[in-house]
Amino acid sequence: MPALIDLIRAGRRVERHNPWPRVSVDSGTWRSAAGALADGGLSLLGLWGEPARVHMALLDNSTSNIGVISLDCPDRRYPSVAARHRPALRLERTIHDLFGLVAIETPDSRPWLDHGRWQMHAPLGERLDAAPDAAPYPFLPAEGDSLHQIPVGPVHAGIIEPGHFRFTASGETVVRLEQRLGYTHKGIEGLMAGSTVEQAARLAGRVSGDSTVAYGLAFAQAVEAAQQIVVPPRAVLLRALMAELERLANHLGDIGAICNDASFALMHAHCGVLRERVLRAADAAFGHRLMRDIVVPGGLARDITGEGPAAIRAALEQVRRHFPSLVELYDNTASLQDRTVGTGIVTPALARQFAAGGYVGRASGRGYDARRSPGYHPYDGLRFDVPVLSDGDVNARVWIRIREVEQSLSLAGQILDALEAGPIKVPLQIAPEPCEGIALVEGFRGDILAWLRLSDGRIERCHLRDPSWFQWPLLEAAIEGNIVADFPLCNKSFNCSYSGHDL
Amino acid sequence: MRKLLLQSLFRQPLTEQAPRPDDAAIAELAATVGRTARRRLGRSLSIREVDAGSCNGCELEIHALSNPYYDVERFGIRFVASPRHADVLLVTGPVTRNMREALERTYNATPDPKWVVAAGDCARDGGCFAGSYAVVGGVSAIIPVDLHIPGCPPPPMTILRGLLGLLEEAGSGGAAR
């Protein structure tokens, strides 16, 4: 089984790719990488395309090293990774939809993001004209006595994003769930190609609204890696402060919403109050409730306001004071526990195979956290724990969030204590030659991968991989054998992003 | 739980605890929305939210309308699960090509009289996603829009203010569709 270092050595090193190496490999090495993914030595961090090339970002599970291998495919064909390693499947289908590249021996050649409505095929590749063709999408079969199907979406009953869920049920029990996504595909990577860094940064902040800080940070870190820029310490700290406030707000909202989907509205109301306090503090400190467009390549668009630190400290103090009684309420309400304990289980083996990040991975024994490994400033100088559980049920995903709320409270306090006056931005450079950067940033939902190539000060190509890519498929597995009525609960405990996934 | 409920019983409701000017404004605004909604629509205004391709930022702020600070349900404004029960479609996002048909069908499934509110900058003209191969444009490119609420995303207060504007127009004889 080849280690990542062997794959990197087998390839031709690509210059000006930072901070981790990228190598150009042959199809044999590409195949052996797929084998190493299947064997569990490597984890898949991303798989994306260009008009005549595919890239794969890999994590070595024993050394925690990261690298990118690339395969040129002038004949527009490449060996399927999904044939060996199933988590790559939706990414391969996406590469086909966007670039027209064919994965040889793919186990599923159905389109994924392309619903036949774009008026063209391969919009980022050959851009072939196509008549709108909303041909029926062939769902996977489920056969047996007395099975019935329940189609749900794309427009759902609540205030949530659009997607289609096709349930096959036997009575109340779900036999198979198949997702169909892509409804919110906005063509972000297409819009980024050729845009200025500033325009692309705005787009990156709108990939998934709930993670606007994390996406802004991932994109900015990739640009800074490509240009080898060092951001001033004050900007680094304030970025992390915003990232922790974002995590706090989302986790508080999720904990309440999960309980609400078990019809326990009391938790929802109380968590909603705490979430609102955090958002108002963010507004007071940074001038925007979701802190959008403040992280920019090179630093920050604006500094924290004068009253910002005090507003944030007051919000943190309120959460610190009230949250423990809510945790106690959650833990001591038997009717609620009855719904969450043992529901929607993701096995540790699946979480490992899919390299699931965030609370989905950490509730199923995979303790990966990009703030720790590969790690980035300022987290190397801060104290925090990464909670890990192994039950893998809805309850475990709630508890991971509870523990992370506590950690984020502590981190935000440490950051405020460490804040010193100083500059918040350095100018970007226009490199004479094309350069590439990659970054892995921990959003509230899990690790976000950003990769880009800059040329003449513009974005030539940018790929952003949401954590949801490796979590959505696990939801299909988690619901199997559960009752249909528990789906909202399971779905909320995952809280995958539709927009982040659909791009 | 008993302790928590007991505390809630004796504590002032968050919505009326208005030491800050914006808290007072919320209560005042929400009350006006409630009065106008009742005059026009009896006891309630039912809103069906449709995400036609947003980044989910607008959804977060629309959710916030239901938290104890804004609590729009006090005034009879509520979010319903089906377009069949709705008076208002609250649409977010640039309309993606993949969502176009779903939006049209949701609109057609909503009984008259009905209003359409487009929330967020993307819903006006596609925002920063305009021009993409995958995006049709703003909501009005697909269905008639009665009101647009700006913002990226619009804060809950702005959404409330927008609904007030719609209700005033409707109350002064503006035709519903």
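One table, with the values for the structure above:
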quantity: Candidate set: region A:163-182, residues that are of a type in the set (Ser, Thr, Tyr) and farther than 13 Å from residue A:476 by Cα; chosen: the one surrounded by the most Cβ atoms within 10 Å (Cβ to Cβ); calculated: A:170
quantity: Hits in region B:91-108 (condition: of a type outside the set (Lys, Arg) and at the interface with chain A (Cβ under 9 Å from one of its Cβ atoms)); calculated: B:93, B:94, B:96, B:98, B:99, B:101, B:102, B:103, B:106
quantity: Candidate set from region A:450-503 (those that are on the phi > 0 side of the Ramachandran plot and more than 14 Å from chain B (Cβ to nearest Cβ)); member that is modelled with the highest pLDDT; calculated: A:481
quantity: Residue match in region A:366-375 (condition: surrounded by fewer than 17 Cβ atoms within 10 Å (Cβ to Cβ), touching an Asp or Glu at 6+ places or on another chain (Cβ under 8 Å) and over 28 Å from residue A:277 (Cα atoms)); calculated: no
quantity: Of all residues making up region A:1-20, the number that are of a type outside the set (A, V, I, L, M) and either crowded, with 19+ Cβ neighbours inside 10 Å or at positive phi (or both); calculated: 4
quantity: Any hit, region A:410-418, residues being at pLDDT 95 or above, more than 19 Å from residue A:382 (Cβ to Cβ) and of a type in the set (S, T, N, Q); calculated: no
quantity: Tally, over region B:57-98, of residues that are in a loop (DSSP other than H, G, I, E, B) and either of a type in the set (Asp, Glu) or over 27 Å from residue A:132 (Cα atoms) (or both); calculated: 13
quantity: Residue that is under 25 Å from residue B:131 (Cβ atoms) and charged (D, E, K, R), where the choices are A:127, A:84, A:31; calculated: A:127
quantity: Matching option when the condition is at pLDDT 95 or above, in contact with a strand residue (DSSP E or B) (Cβ under 9 Å, 6 or more places away or on another chain) and not in a helix (DSSP H, G or I), among A:207, A:223; calculated: A:207
quantity: Subset of region A:312-369 [more than 14 Å from chain B (Cβ to nearest Cβ), farther than 28 Å from residue A:448 by Cβ and part of a loop (DSSP other than H, G, I, E, B)]; calculated: A:341, A:342
quantity: Looking only at region A:1-49, and only at residues there that are touching a helix residue (DSSP H, G or I) at 6+ places or on another chain (Cβ under 6 Å) and touching a residue at least 60 places away in the same chain (Cβ under 8 Å), the one that is nearest to residue A:82 (Cα to Cα); calculated: A:44
quantity: Count - residues of region B:45-83 that are farther than 18 Å from residue A:154 by Cα, at the interface with chain A (Cβ under 7 Å from one of its Cβ atoms) and touching a strand residue (DSSP E or B) at 6+ places or on another chain (Cβ under 8 Å); calculated: 1
quantity: Residues (aromatic (Phe, Trp, Tyr) and either closer than 19 Å to residue A:169 by Cα or out of contact with any strand residue (DSSP E or B) (no Cβ under 9 Å at 6 or more places or on another chain) (or both)) located in region A:127-154; calculated: A:139
quantity: Breaking point among (1) in contact with a Cys (Cβ under 8 Å, 6 or more places away or on another chain); (2) under 23 Å from residue A:244 (Cα atoms), for residue A:363; calculated: (1)
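Okay, residues lined up against (1) surrounded by fewer than 23 Cβ atoms within 10 Å (Cβ to Cβ); (2) touching a strand residue (DSSP E or B) at 6+ places or on another chain (Cβ under 6 Å); (3) away from every other protein chain (no Cβ under 11 Å):
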{"site": "B:118", "(1), (2), (3)": "no, yes, yes"}
{"site": "B:127", "(1), (2), (3)": "yes, no, no"}
{"site": "B:131", "(1), (2), (3)": "yes, no, no"}
{"site": "B:144", "(1), (2), (3)": "yes, no, yes"}
{"site": "B:148", "(1), (2), (3)": "yes, yes, yes"}
{"site": "B:157", "(1), (2), (3)": "yes, no, no"}
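The values are calculated or read from the model by the stated rules, or taken from the named source; none is laboratory data. Just so we're clear, the structure is a prediction, and the values are computed from it rather than from any experiment. Please note: Cβ atoms are built from the backbone with ideal geometry, for glycine as well, and neighbour counts cover all protein chains shown.
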